[in-house]
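Undergrad: This is the structure I want to talk about, given as structure tokens.
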């Protein structure tokens, strides 16, 4: 055991001396060839041709019966006077975003003197008709409940219907179409 310890100490001593006496590496300078000089070509300056001034008249915006904000455009509906609230896939509750839309719509409808509304829930195509009807019903009930709880309309002034995936506004085949079909329509006269 003592022999191993002596050998180990000698090895360490030899390594320490070798490290101290090792010459420092000298940096070699690589021969760098100068880059070839490229003469710039002569550029001909030409004057740009004047552009003809074209004036287009902007189309006049259409005025509708209701004051529709740019945040909530009035979408096409199969019914007369109506407003549409869109929902996320499989969503049926009234979140803060939908609540703001409903408050705005309620103000506009009340300003017209409307006392009775019909709330119709719709869905995009799902796995079954039962699922479509259930989510459409939940959407209609949540919107109607919000309007009644807010004091905008009384219980007898709101009727609720649900259509499931029937009467779509667009095709159920693509995402954009399905997003238009996940909706609640608030119909008033």
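Undergrad: Out of 165, 140, 106, 99, which single residue is buried (at least 17 other Cβ atoms within 10 Å of the Cβ), over 15 Å from residue 182 (Cβ atoms), in contact (Cβ under 8 Å) with a residue 12 or more places away in the chain and under 26 Å from the mean Cα position of the chain (by Cα)? Outline the logic, then answer.
TA: On the way: 165 fails: over 15 Å from residue 182 (Cβ atoms); 140 fails: over 15 Å from residue 182 (Cβ atoms); 99 fails: buried (at least 17 other Cβ atoms within 10 Å of the Cβ).
Matching residue, one of 165, 140, 106, 99: 106.
Undergrad: Taking the criterion of being assigned to a loop (DSSP other than H, G, I, E, B) and on the phi > 0 side of the Ramachandran plot, would at least one residue in the range 126-146 satisfy it?
TA: Taking every residue of the range 126-146 in turn, none turns out to be assigned to a loop (DSSP other than H, G, I, E, B) and on the phi > 0 side of the Ramachandran plot.
Undergrad: Test each condition in (1) farther than 19 Å from residue 109 by Cα; (2) in a helix (DSSP H, G or I) for residue 170 and report the one that comes out false.
TA: Status for residue 170: all satisfied but (2).
Undergrad: Also, I was wondering about something else. Return only the number of the condition from (1) assigned to a helix (DSSP H, G or I); (2) in contact (Cβ under 8 Å) with a residue 40 or more places away in the chain; (3) within 16 Å of residue 88 (Cβ to Cβ) that residue 176 does not satisfy.
TA: (2)
Each value in this text was obtained by applying a stated rule to the coordinates, not by laboratory testing. Quick caveat: nothing in here was measured; it's all calculated off a predicted structure. So basically every Cβ, Gly included, is an ideal-geometry build from the backbone, and we count neighbours across all protein chains shown.
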